Amino acid sequence: MANRFFEGAAHAAAYAKFRPRPPTSLAERIVSFAKETIFMSRNGIKKTNNSQGETLKAAADVGCGSGQSTEILSPYVEAVTGLDVSEAQVLEARKLNKYPNITYKVSPAETLPFSDKSLSLVTSCQACHWFDMPAFYKEVDRILVPGGVLALYGYLFPKPIHENFGDELYSLIDHVYNKDTGGYWGSGRLDVDTSYSDGRFKIPYPEFIRDESHYVDKIATVAELTGYLTSWSGFQNFRAKNGDEAAQKILENFQDKFIKTLKVSTTPEETSIPLRFHYFLLMGRKPSE
């Protein structure tokens, strides 16, 4: 059973507002891999035949949250279903949805609401570290067509881009993570920090690849970056245990130190900073029958 760290409506709204949208390059890499038709030539050499002009028939995004990772599939897939165990997240995703080919449903990762061999692609962004992975893999194998693809990916904490103070600014984010909220994270966060390098994330198909070349840059105000911190499960767990006042103090200290490090006199709402989110991607292809 997936852990329920993202249940509250307020948390879902923060998640939707401040979490990054995966880069187009990552979406195109996933879809390109899913469109490859694998076959054996007469001399036994594996080759690929790309059908880039065609759209995939059906895909699912598991652990979709508020829908950022689901939306990127819309241009490439005829029907996309976003699934999350949290009703609050699914309600937020439905509220924000602007794509007629996307639907959202409440569902755990371990019992997916699809018939056998019905999907060409299954994705999961920043979520599978909460899944029962053997049960999830079994379900994915059941619903994927022969040659279908499972893509697991995530992103690291944002790195502020600044020619003079980049490292100092990142250390402030790291302090909130390791010091202020350090005892309030589940074991899954370490899996993200290590880019799903643990063996249980090696997709159990013979054709398996890892790609860490993708990133997305986002301009955010210091106030928005602070809002991003409130979407962390560790922060939410700290807030639930210690109360709003203690949680607010963490945010105020972070903002004050960030502004002082930048050496500016503007407010957090007026001060912008470029952020870079690095992504890691794991993909595996179900063998053709």
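Excluding ligands, DNA and RNA, what is the solvent-accessible area per residue of the chain at a probe of 1.4 Å, expressed in Å²?
Solvent-accessible surface per residue comes out at 47 Å².
Roughly how many nanometres apart are two label points built 7 Å out from the Cα toward the Cβ at Asp174 and Leu190?
1.8 nm
Which residues in the stretch 213-248 have a backbone N closer than 17 Å to a point placed 7 Å from the Cα of Glu28 along the Cα-to-Cβ line?
Answer for the stretch 213-248: 213-217.
Once the whole set of protein chains is in place, how much accessible area is left on Glu78, using a 1.4 Å probe, in Å² to the nearest 10?
100 Å²
With a ≥ b ≥ c taken as the square roots of the eigenvalues of the C-alpha gyration tensor of the stretch 112-158, please select rounded if a/c is under 1.5 and otherwise prolate if a/b is larger than b/c or oblate if it is not?
prolate
Run the accessible area of the chain with a 1.4 Å probe and give the carbon-and-sulfur part as a rounded percent.
51 percent
Putting +1 on Lys and Arg Cβ atoms and -1 on Asp and Glu Cβ atoms, find which of Ala247, Pro100, Asn178 reaches farthest to the positive end of the dipole of the chain.
Pro100
Expressed as a whole percent, how much of the Cα-Cα distance distribution for the chain exceeds 29 Å?
More than 29 Å apart: 36 percent of the Cα pairs in the chain.
Around Met133, what is the net charge, scoring Lys/Arg as +1 and Asp/Glu as -1 over all other residues with Cβ under 14 Å from its Cβ?
-3
What do you get for the angle between helix 233-242 and the principal long axis of the chain? Use alpha-carbon atoms, 0 to 90 degrees, nearest ten.
So the helix axis and the longest Cα principal axis differ by about 40 degrees.
What pairs from Lys35/Lys159; Lys95/Lys263; Lys159/Lys249; Lys35/Lys98; Lys179/Lys263 go past 29 Å between their alpha carbons? Can you show the working numbers first?
Working: Lys35/Lys159 33 Å; Lys95/Lys263 39 Å; Lys159/Lys249 23 Å; Lys35/Lys98 25 Å; Lys179/Lys263 24 Å.
The answer is Lys35/Lys159; Lys95/Lys263.
If contacts are Cα pairs under 8 angstrom and at least 6 residues apart, what is the relative contact order of the chain in percent?
It comes to 22 percent, rounded to a whole number.
What shape does the stretch 55-166 have by the C-alpha gyration tensor, where a ≥ b ≥ c are the square roots of the eigenvalues, rounded means a/c under 1.5, and otherwise prolate means a/b greater than b/c and oblate the rest? Write out the running numbers ahead of the final one.
Numbers: a/c = 1.69, a/b = 1.51, b/c = 1.12.
In terms of gyration-tensor shape, prolate.
In the neighborhood of Ala246, defined by Cβ-to-Cβ distances under 12 Å, what is the net charge if each Lys or Arg adds +1 and each Asp or Glu adds -1? Write out the running numbers ahead of the final one.
Values: positive: Arg239, Lys241, Lys249; negative: Asp180, Asp244, Glu245, Glu252.
Around Ala246, the charge tally is -1.
The values are calculated or read from the model by the stated rules, or taken from the named source; none is laboratory data. Model, not experiment: these values are computed from the prediction. Glycine gets a Cβ as well: all are built from the backbone with ideal geometry, and neighbour counts include every protein chain shown. Calculation scope for accessible area: heavy atoms of the full protein, side chains included, ligands and nucleic acids excluded. Shrake-Rupley method; radii C 1.70, N 1.55, O 1.52, S 1.80 Å.
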